[in-house]
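A.B. asks: Before I ask anything, here is the structure I am working with.
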Amino acid sequence: MFKAPRGTADTLPGEQPYWRYIEDRALEICRLYGYSRISTPAFEEAGLFQRSVGEGTDIVSKEMYIFKDRSDNEMALRPEGTAPVCRAYLEHGMDNLAQPVKLFYFADIFRYERPQAGRYRQHHQFGCEAIGDQSPVLDAEVIHMALSFFSALGLTDISLQVNSIGCKECRPRHLQKLIEHYAPLKEQLCADCRVRLEKNPLRLLDCKKTACQSVADLAPRSADYLCQECGQHFGSLQGYLTALGIKFVLNHRLVRGLDYYTKTVFEIQPADGGSQSALGGGGRYDDLIAMIGGKPVPGIGFAAGLERIVLNLKTQGVNVPPAERPAIFIACIGVDARIEAYRLSAALRAEGIPLVMSSGERSLKAQLRHANAAGVKYAAIIGGDEMEAGTVMLRNMQTGEQQETRPEELVAMLKAGE
Ligand code: HAM
């Protein structure tokens, strides 16, 4: 027996109402904020992610699904959605459009992680990118949009964490201070952090191991080493958030797992969860487009994980609208009635009425059992008598009452939603 690969999941019909609910809220938010949909391929040249997300990150060095195609090109299943959208922005000359260009996507994302609750090897993101504007107003708007999305979902028990990690001018000073803080304590650190100290010191700050956390808590804070421009940007952002009444926590250990970020980074977490359970995250990436071969163009965005949203909708007890049920079941008795049942089904569907049509191979009793299982309110039964009279026998599945009905009356009744 084959099984779905480890870390992936089938989303069965019973779960779909959650996904539909999330997608509908996302589409509505994007409409309100003026974002247009974009879709990009599930795989890209591996170099796109190596250059932007960064060779030193876990995502690229340990988790990326990387492979040679049959022409020996090195490709990768997308481990995130921002770099592909920026690649598309450049490739299609979107820098000639009015800026910022605001794009959103739903994308499946692939990361070879250790699977656990809320962490998969294939997950799905709803993401937004606003490219071509460096103003902190846009940072505030993107954060506001992310929060509005979660609040439209009915997820209110969440917290917003914000930080600024500076830019290529000011970050080296902070990194130097971090190294000075960590180097004498190297022996206390976990094996991963010892490597981070050499390769990617900023990532030391979000290690989840207890021993490393106490070192991280006392570490120099990026916000204290910002250059004038980054400092002003961060100050303005906080001003806008406060003016909008948006509550946030300044988290100096929030650094995110992708190298392309500059200045603002943020995450939205369930109030009771740890950082492993972030519902969404994002930030500014003013150098990303230059990293992948374009002129410098600033950008900011965020993405939310749909599987984690579903988990939180369930734990927070949010009711989602159930899937639409068929309005009626069409049953028939005998071979001749089958074609009549098919005709009636086609006529009802043409009127926009969802239904289940029986193939008529089984007994009427078995067909009605099927109708019950389908959860319909009515069944229309067609047999020899009904064919002769040009009618159908309409059965109320709850009460068992039956009444002869003309097809036109049936259409009118079902269209009226009775
Ligand atoms: P990220 O924080 O790596 O950011 O992922 C965004 C969200 O995807 C996370 O907050 C989480 O909800 C979900 N997620 C991540 N990994 C997994 C996983 N293994 N299983 C289930 N859910 C997961 C990015 O990917 C950036 N591209 C976000 C961004 C957009 N930054 C700027 N624009």
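The values are calculated or read from the model by the stated rules, or taken from the named source; none is laboratory data. Nothing here was measured: the structure is a model prediction, and the numbers come from that model. Positions of Cβ are backbone-derived with ideal geometry, glycine not excepted, and every protein chain shown enters the neighbour counts. The accessibility values were calculated without ligands, DNA or RNA, using every heavy atom of the protein model including side chains. Shrake-Rupley method; radii C 1.70, N 1.55, O 1.52, S 1.80 Å.
A.B. asks: Starting from region 67-92, keep only residues that are outside the structural domain of GLY257 (by TED's automatic domain parsing), then list their pairs with residues that are more than 16 Å from the ligand (Cβ to nearest atom) and open to solvent by 50 Å² or more (accessible area, probe 1.4 Å) whose Cβ atoms are within a distance under 8 Å, requiring at least 6 positions of separation or different chains.
C.D. replies: Pairs that qualify, where the first residue is outside the structural domain of GLY257 (by TED's automatic domain parsing) and the partner is more than 16 Å from the ligand (Cβ to nearest atom) and open to solvent by 50 Å² or more (accessible area, probe 1.4 Å): there are none.
A.B. asks: Moving on. Say whether the condition of being out of contact with any strand residue (DSSP E or B) (no Cβ under 9 Å at 6 or more places or on another chain), within 15 Å of the ligand (Cβ to nearest atom) and open to solvent by 20 Å² or more (accessible area, probe 1.4 Å) is met by at least one residue in region 62-72. So that I can check it myself, show each step before the final result.
C.D. replies: Going residue by residue through region 62-72, those that are out of contact with any strand residue (DSSP E or B) (no Cβ under 9 Å at 6 or more places or on another chain) are 62, 70-72.
In the following step, the residues that additionally are within 15 Å of the ligand (Cβ to nearest atom) were identified as 62.
Okay, now just the ones that are also open to solvent by 20 Å² or more (accessible area, probe 1.4 Å), so 62.
Yes, region 62-72 has at least one match.
A.B. asks: Does GLY231 meet the test of being buried (at least 16 other Cβ atoms within 10 Å of the Cβ) and more than 16 Å from the ligand (Cβ to nearest atom)?
C.D. replies: When the stated conditions are applied, GLY231 passes them.
A.B. asks: Among the helices (runs of 4 or more DSSP H) lying completely within region 146-254, list those that include at least 2 residues that are among the polar types (S, T, N, Q) and modelled with pLDDT under 95. Steps first, answer last, please.
C.D. replies: Details: elements: 171-182, 191-199, 210-217, 228-243.
Qualifying helices (runs of 4 or more DSSP H): 210-217.
A.B. asks: Quick test of your reading of the structure: LEU197 fulfils all but one of (1) away from the ligand (no atom under 16 Å from the Cβ); (2) open to solvent by less than 20 Å² (accessible area, probe 1.4 Å); (3) in contact (Cβ under 8 Å) with a residue 24 or more places away in the chain; (4) farther than 19 Å from LEU288 by Cβ. Name the failing condition by number.
C.D. replies: If we test LEU197 against (1) away from the ligand (no atom under 16 Å from the Cβ); (2) open to solvent by less than 20 Å² (accessible area, probe 1.4 Å); (3) in contact (Cβ under 8 Å) with a residue 24 or more places away in the chain; (4) farther than 19 Å from LEU288 by Cβ, just (3) comes out false.
A.B. asks: Report those strands (runs of 3 or more DSSP E) wholly inside region 286-375 carrying at least 2 residues which are closer than 30 Å to THR391 by Cβ.
C.D. replies: Here the list reads 328-332, 355-357.
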